[in-house]
Amino acid sequence: MKLKSNILILNQSEIIGGAELALKHFINDNDDFIFAILTDPKISTLYNGTRNISNIYTSNHFKKFPFKKLKDMIYIFSFIYSIIINLLIIHKIVKNNKIQLIYGNNSYDCILVSLYKILSPKLKTVQHIHDTLPEKSFLAKWIKIFKKRFDHILVPSTHTAAHLKLILGKESQISVVHNGINLIDASHTKNKSHTLHKLIPDNKKLIIATICRIDRNKRVDIFIDSLNELLNFRNDFTGIIIGESDDDDLLKSLQTRAAVMKLPVYFSGQLYHNEILNLYQDIDLLMINSDSETFSLVTIEAMQNKCVVLARRVGGINDIIIDNNNGFFYDYNADIKTIAEKINAILQMKNSEKEQIKKNAYMHVEKNFLNKHKVEKINKIFYEIDMK
């Protein structure tokens, strides 16, 4: 029997986001390899109990560095010091675990992946770029300089791939690997509507929601303003904004904005994943309003749970939604009145038409965006670059 190859995953992040959850599912469902992981102590417990992980390592220096501060000599020395410490930790892990490939899970990991490749040229490297990097950004410049140190680069959408090839050149080894979700566990719908009842007891109105980490990119202000404009057409709805925020000033300004408009909008804060899964069945329309999206796990999760999605036409969401077939788009530069008219038109559709949209969405996700598809595609790349 052929022995399984050992892979070290670098995951520099202090918060649990989509990339971290996607990584957990990828490892858990991947029986072809043995994984070690190096991450920040704050999120290391996320991977406890995950199948196929041999060791979980942490480093207090394993966190994102504010590149804007590199103009200060003190921060330059701190940056270099952290890199040296982390490279020493990586070297020890590689040696003790007989690692054959290093996989950078976040865009920021490209720094350590490329530098360790210089120290150990025979080791294979795969880097995942989850962001649409501005051409003049520090990371874009870094990847361009060290592009030969990556045996393969993975991106989550065709939009991200096209953007990165403009920076690195068409000859670069870049593959699109969509993030995936697992098959629906029906247990979250056994207690029907318990999440909605918890948020809004005795609700009898239509539910329009947005689910996101509340930051300036997610444009929750568009959601609020659109619902305010929708009041000119109807008032039989309630809005729910689901997610947490690290930006207290932004959150307060959005709450004040909704209060001044006297909108029927609830800020739920962060919900458990099972609660969100339960809530999808009661959402009449889910809105995605981001300025940029490399991909959107929320969108495919909602579609698999047969929830109608209206999204701003941007980035990686173009890989997911087929307009008027399995969901709906509004144009990137659409004004608030146009968006409100679109919302109203969707809510006015016949039930049979909505059910067809939901059915198409479910089938599209099942065919293209399950975690097993992601595992198969990445494993094929791992094998092709020949880790021996």
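The values are calculated or read from the model by the stated rules, or taken from the named source; none is laboratory data. These figures come from a predicted structure and were not determined experimentally. Every residue, glycine as well, gets a Cβ built from its backbone with ideal geometry; the counts of neighbours run over all protein chains shown.
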Restrict the check to region 215-238 and report whether at least one residue is in the same structural domain as residue 271 (by TED's automatic domain parsing), at pLDDT below 95 and either of a type in the set (Gly, Ala, Ser) or not in a helix (DSSP H, G or I) (or both). yes
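State which residue is surrounded by the most Cβ atoms within 10 Å (Cβ to Cβ) when the search covers only region 331-388 and only residues that are in contact with a Ser or Thr (Cβ under 7 Å, 6 or more places away or on another chain) and not β-branched (Val, Ile, Thr).
Residue satisfying both the conditions and the ranking: 340.
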Of the residues 139, 112, which is farther than 18 Å from residue 37 by Cα, of a type in the set (A, V, I, L, M, F, W, C) and either assigned to a loop (DSSP other than H, G, I, E, B) or assigned by TED's automatic domain parsing to the domain that holds residue 19 (or both)? 139
Find the residue count for region 363-377, including only residues that are closer than 18 Å to residue 32 by Cα and in contact (Cβ under 8 Å) with a residue 24 or more places away in the chain. 7
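One line per residue, one yes/no per condition, for (1) surrounded by 17 or more Cβ atoms within 10 Å (Cβ to Cβ); (2) without any contact (Cβ under 8 Å) to a residue 60 or more places away in the chain; (3) in contact with a Phe, Trp or Tyr (Cβ under 9 Å, 6 or more places away or on another chain); (4) not aromatic (Phe, Trp, Tyr):
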residue	(1), (2), (3), (4)
255	no, yes, yes, yes
269	no, yes, no, yes
273	no, yes, no, yes
276	yes, no, no, yes
285	yes, no, yes, yes
289	yes, no, yes, yes
296	yes, yes, no, yes
Of all residues in region 150-160 being surrounded by 21 or more Cβ atoms within 10 Å (Cβ to Cβ) and over 18 Å from residue 111 (Cβ atoms), which is farthest from the chain's Cα centre (by Cα)? 159
Testing residue 283 on (1) more than 24 Å from residue 21 (Cα to Cα); (2) touching a Cys at 6+ places or on another chain (Cβ under 9 Å), one condition comes back false. Which one is that? (1)
